[in-house]
Amino acid sequence: MSFFSEFKAFAMRGNVVDLAVGVIIGAAFGDIVKALVDNVMMPPIGYLIGGIDFSSLVWRIGDPAIAKDGTITGGILIKYGLFLNTLIKFTIIAFAIFLVVKVINRMTRRQPAPGEMPADVKLLTEIRDLLAKDKATPTA
């Protein structure tokens, strides 16, 4: 089997195509959730915590120097406030996705409809019954 035919067989498998569709839809859903978090959920949270902006929190390592234009330069900045913002957003996004998945699971949960037995189960049941019948009949 050639390399290209092997690749084609791999790429055309149902799981790979399903995964690709899932990634594309997931990226689009990620944009929707990001917009929801940034524009709908974060403003009230910011209001509740008193308008604290974590993004300005930094830890400076080394000696700072003041440039002629008044900006502080020198040293290394560890911007842990941006990390806190990202962590808060991640928690909110994870919770929102959890709620969406929970609702989808509740909507798609179905009880199996009573119906006819599958053919293999029916055949096995008949074989079992025949074997039981043969054991019950005395042999001479």
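The values are calculated or read from the model by the stated rules, or taken from the named source; none is laboratory data. Quantities reported herein were computed from a predicted structural model and do not represent experimental measurements. Virtual Cβ from ideal backbone geometry, glycine too; neighbours counted across all protein chains shown.
Just wondering, is there one or more residues in the stretch 104-124 that are closer than 30 Å to Ala27 by Cβ, under 34 Å from the mean Cα position of the chain (by Cα), surrounded by 10 or more Cβ atoms within 10 Å (Cβ to Cβ) and not acidic (Asp, Glu)? Yes, because at least one residue in the stretch 104-124 is closer than 30 Å to Ala27 by Cβ, under 34 Å from the mean Cα position of the chain (by Cα), surrounded by 10 or more Cβ atoms within 10 Å (Cβ to Cβ) and not acidic (Asp, Glu). Could you tell me which of the residues Gly75, Gly81, Gly51 is at pLDDT below 80, in contact with an Asp or Glu (Cβ under 9 Å, 6 or more places away or on another chain) and more than 16 Å from Phe95 (Cβ to Cβ)? That would be Gly75, the only listed residue that is at pLDDT below 80, in contact with an Asp or Glu (Cβ under 9 Å, 6 or more places away or on another chain) and more than 16 Å from Phe95 (Cβ to Cβ). Where helices (runs of 4 or more DSSP H) fall entirely within the stretch 27-140, those with at least 1 residues that are among the charged types (D, E, K, R) are at 80-108, 119-136. Within the stretch 62-76, the residues that satisfy the criterion of being among the β-branched types (Val, Ile, Thr) and surrounded by 10 or more Cβ atoms within 10 Å (Cβ to Cβ) are Ile66, Ile72.
All conditions but one from (1) touching a residue at least 40 places away in the same chain (Cβ under 8 Å); (2) in the same structural domain as Ile97 (by TED's automatic domain parsing) apply to Phe83; the one that does not is (1). Check the stretch 8-23 and report whether any residue there is part of a helix (DSSP H, G or I), among the aromatic types (Phe, Trp, Tyr), modelled with pLDDT under 80 and not assigned by TED's automatic domain parsing to the domain that holds Ala94. Yes, the stretch 8-23 contains at least one residue that is part of a helix (DSSP H, G or I), among the aromatic types (Phe, Trp, Tyr), modelled with pLDDT under 80 and not assigned by TED's automatic domain parsing to the domain that holds Ala94.
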